[in-house]
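J.: Dumping the structure here so I can ask a few things about it.
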Amino acid sequence: MKTNQLFPYFPAAIIPIGKQLPKPNRLARVIITIPAKNEAENIWKTLSALSIQSSGNKLISPHLFEVLVLCNHCTDNTEESCDLFQKLHSDFPLYIFKTHHPTINNVGIVRKILMDTASKRISEDGLIIMTDADTLADANWLDAYLNLQSELVDLICGIIKPDLKRVHID
């Protein structure tokens, strides 16, 4: 099996899509991780919301963060949507991976892979943020995390406001 330095537990099981993940950016203060499975309907809006993160009236520099997406056993166009978004927003620090490996079969292992990868890339005082492929971040969401970073924290939890129009209760 081929050795994969980023994913040593799953050699050759995780394949990059589009631009390659560069060497760790030591200026990055935040890495946002997104597991995605069959989210073609939502992922574009999620990535769009992350691409316009602001501090005041100014966009947050793409050097301050990275976004890692792992498309897990997608059977829709999630991978293609991510790839097209990346191509159309080449300055946005988006790095996409895919897997169809049988042992990577639930969101828990996907989150672990993303967290392990992010922890190897982020500085000791950086933050790793987990979100979902169907989540729309407020325009100042990342700025709020960056402002918290001056405090010593182990865990930050945010408020989730579900789109109740999409909730079906029987």
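The values are calculated or read from the model by the stated rules, or taken from the named source; none is laboratory data. Owing to the predicted nature of the structure, the values given are computational and were not obtained by experimental measurement. Cβ placement follows ideal geometry from the backbone for every residue including glycine, while neighbour counts extend to all protein chains displayed. What goes into the accessible areas is simple: the full protein's heavy atoms, side chains included, and nothing from ligands, DNA or RNA. Shrake-Rupley method; radii C 1.70, N 1.55, O 1.52, S 1.80 Å.
J.: Of the conditions (1) assigned to a loop (DSSP other than H, G, I, E, B); (2) at negative phi, residue 12 fails just one. Which one is it?
T.: (2)
J.: Hey, can you tell me all the residues within segment 87-107 that are open to solvent by 20 Å² or more (accessible area, probe 1.4 Å), closer than 16 Å to residue 33 by Cβ and touching a Gly at 6+ places or on another chain (Cβ under 9 Å)?
T.: 95
J.: Let me ask something else about it. Checking the condition within 18 Å of residue 36 (Cα to Cα), open to solvent by 50 Å² or more (accessible area, probe 1.4 Å) and not aromatic (Phe, Trp, Tyr), which residue from 50, 84 passes?
T.: The conditions single out 84.
J.: Next question. For segment 26-41, enumerate the residues that are buried (at least 18 other Cβ atoms within 10 Å of the Cβ) and either outside any strand (DSSP E or B) or in contact with a Gly (Cβ under 6 Å, 6 or more places away or on another chain) (or both).
T.: 28, 29, 39, 40
J.: So residue 22 ticks every box in (1) in contact (Cβ under 8 Å) with a residue 12 or more places away in the chain; (2) part of a loop (DSSP other than H, G, I, E, B) but one. Which box is left unticked?
T.: Among (1) in contact (Cβ under 8 Å) with a residue 12 or more places away in the chain; (2) part of a loop (DSSP other than H, G, I, E, B), the lone unmet condition for residue 22 is (1).
J.: So residue 78 clears everything in (1) among the β-branched types (Val, Ile, Thr); (2) open to solvent by 60 Å² or more (accessible area, probe 1.4 Å); (3) within 15 Å of the chain's Cα centre (by Cα) except one condition, right? Which one?
T.: Evaluating residue 78 over (1) among the β-branched types (Val, Ile, Thr); (2) open to solvent by 60 Å² or more (accessible area, probe 1.4 Å); (3) within 15 Å of the chain's Cα centre (by Cα) leaves (2) as the failure.
J.: Would you be able to tell me the number of residues in segment 104-134 that are modelled with pLDDT under 90 and closer than 14 Å to residue 14 by Cα?
T.: Final tally of qualifying residues: 1.
J.: Still on this structure: Is it the case, given these coordinates, that residue 114 is within 26 Å of residue 148 (Cβ to Cβ) and not in a strand (DSSP E or B)?
T.: yes
J.: Report the residue count in segment 74-107 for those that are among the charged types (D, E, K, R) and touching a residue at least 60 places away in the same chain (Cβ under 8 Å).
T.: So the answer is 4.
J.: Taking residue 48 and the conditions (1) among the hydroxyl-bearing types (Ser, Thr, Tyr); (2) assigned to a helix (DSSP H, G or I); (3) in contact (Cβ under 8 Å) with a residue 40 or more places away in the chain, which numbered condition does it fall short on, given that it satisfies the others?
T.: (3)
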